[in-house]
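To start, the structure under review is shown below, and the notes come after it.
The values are calculated or read from the model by the stated rules, or taken from the named source; none is laboratory data. All of these numbers come straight from a predicted model, not from anything done at the bench. Glycine gets a Cβ as well: all are built from the backbone with ideal geometry, and neighbour counts include every protein chain shown. Quick note on the areas: whole protein, heavy atoms, side chains included, nothing else; ligands and nucleic acids left out. Shrake-Rupley method; radii C 1.70, N 1.55, O 1.52, S 1.80 Å.
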Amino acid sequence: MKKLLAMVLTASLTFSLVACGGSASTTTDTAETAVEETSTEETTEAAAEEESTEATEETAETADTADTSDKKIAMITDSGDITDMSFNQTTYEASKAFAEANGVDYQYYKPTEDSDEARIAAFNNAVADGYNVIIVPGYLFAGMIANVAEANPDVTIIALDCSEFDFTDAGMPSLPENVCSFTYQEELAGYMAGYAVVKEGYKKLGFLGGMAVPAVIRYGFGFVQGANDAAKDLGNTDEVEVNYVYGGQFYGDESITATMDTWYQGGTEIVFACGGGIFSSACEAAIKEGVNGKVVGVDVDQSGTIESQYGVEGLCVTSAMKGLGATVNSTLTDLFAGDWSKHAGKIENLGLISGDDVSVNYVQLPTETWSMTNFTVDDYKTLVASMYAGDITVSSDIEAMPATDIKVTEFDNIH
């Protein structure tokens, strides 16, 4: 078991870089099937099959405690695909890595369009193909789960970032025993990012949210609280300010870019772009001639994606992340060990689980890739330790903007 857990932890650390709501585009590129695999992925699958004997030996101890021989894992994408560098890709990679490490059949399914009906069809296709462990990322799946869960009691459904609000809105006030869901304390990750960038020396901040759903609001209000506390520590609350707006969607466009142009050209130095592909508008405005703007990524470590897409090193200073990969691995580990009762029918809210090892927390900043120099990794570890100990408290209330000593200017939604 120790050897298995070590493998799982390795996969978790590799893929746990923490979408508020899907990705930039809706795809309709298949008419009959919801399954899509690239040739590269087929090659990887072939290699995994060659190593299946070794993987099976590694998981023999798990097999002793629970009959997992009939389990097959499938992941369904939301409105995007597995290359979105966000919810879909992180979930896909983490679940596939677990399946390969444990010698389990794995497939992913891509809905033909962005609708409950298409997601339900993808689910039914997966079940018809024999997959009985279904992993879904994002709040868009609440409607699908409400329609299929009770009718498929032998299918285990693991949902990421579907809240009680999402399920209730979909007509499911409680979860059946074959479903579990995880939400995240986004206010903590937002706080870390806001605190870090002000400590780094930024004074003119912006928050660009996607849609004003609870997760995005918690990110934003946490960001404001962190910026405020850092300014108080530095004694410059009269100099730090935050522009705050929601785009009304989870992708960038000309209108959102125009707003970001106004901000950056008016002195905004860094924008927390919080909501799927909406970062594109912030980045496009940040790199225009005469502007040396920066951004903060969200959900996963977006630094590499943003640098490769825009060709500007250090454009993404840091990212406020959720431990999606870690959640997938730990939950599948429990399921395959016969401990599903720990999660059955529950919505679990994940946050800090350690004040000493920042890498295992379900909300965090990426210490290996950030471009900050004044705010060091040691400073970050000290901050997390204080948060974990309760010396620093962050409100999760989303009813009203937090009271602050710094100036916060709220704008009407762009869309």
Restricted to region 285-300 and to residues being open to solvent by less than 20 Å² (accessible area, probe 1.4 Å) and part of a loop (DSSP other than H, G, I, E, B), the residue farthest from Tyr202 (Cα to Cα) is Val300
Gly266 meets each of (1) surrounded by fewer than 24 Cβ atoms within 10 Å (Cβ to Cβ); (2) within 24 Å of Ser86 (Cα to Cα) with one exception, condition (2)
Somewhere in region 345-365, is a residue in contact with a strand residue (DSSP E or B) (Cβ under 9 Å, 6 or more places away or on another chain), outside any helix (DSSP H, G or I) and among the hydroxyl-bearing types (Ser, Thr, Tyr)?
yes
Among the residues of region 184-200, the number that are in contact with a Leu (Cβ under 9 Å, 6 or more places away or on another chain) and either open to solvent by 10 Å² or more (accessible area, probe 1.4 Å) or of a type in the set (D, E, K, R) (or both) is 4
Within region 305-343, the residues that are modelled with pLDDT of 95 or more, assigned to a loop (DSSP other than H, G, I, E, B) and open to solvent by less than 10 Å² (accessible area, probe 1.4 Å) are Leu315
Of the residues in region 69-94 that are of a type outside the set (A, V, I, L, M) and open to solvent by 40 Å² or more (accessible area, probe 1.4 Å), the one that is nearest to Phe123 (Cα to Cα) is Lys72
ask   = Quick check, is Leu205 open to solvent by less than 10 Å² (accessible area, probe 1.4 Å), outside any helix (DSSP H, G or I), out of contact with any Ser or Thr (no Cβ under 6 Å at 6 or more places or on another chain) and not hydroxyl-bearing (Ser, Thr, Tyr)?
value = yes
When (1) of a type outside the set (A, V, I, L, M, F, W, C); (2) in contact with a helix residue (DSSP H, G or I) (Cβ under 9 Å, 6 or more places away or on another chain); (3) within 30 Å of Gly325 (Cβ to Cβ); (4) buried (at least 20 other Cβ atoms within 10 Å of the Cβ) are applied to Pro214, the one that fails is (4)
Leu175 meets each of (1) over 30 Å from Thr382 (Cβ atoms); (2) not in a loop (DSSP other than H, G, I, E, B) with one exception, condition (2)
Scanning region 374-414 for residues that are open to solvent by 50 Å² or more (accessible area, probe 1.4 Å), assigned to a loop (DSSP other than H, G, I, E, B) and either under 17 Å from Asp233 (Cα atoms) or modelled with pLDDT under 95 (or both) gives Asn374, Thr376, Asp391, Thr393, Ala403, Asp405
Checked pairs for region 113-125, first open to solvent by 40 Å² or more (accessible area, probe 1.4 Å), second modelled with pLDDT of 95 or more and of a type in the set (Gly, Ala, Ser), C-beta under 7 Å and 6 or more apart or across chains, list as Asp116/Gly143
Among Val198, Val213, the single one that is within 17 Å of the chain's Cα centre (by Cα), closer than 19 Å to Val363 by Cβ and of a type in the set (A, V, I, L, M) is Val213
Note on region 229-244: residues open to solvent by 10 Å² or more (accessible area, probe 1.4 Å) and on the phi < 0 side of the Ramachandran plot are Asp229, Lys232, Asp233, Leu234, Asn236, Thr237, Asp238, Glu239, Glu241, Asn243
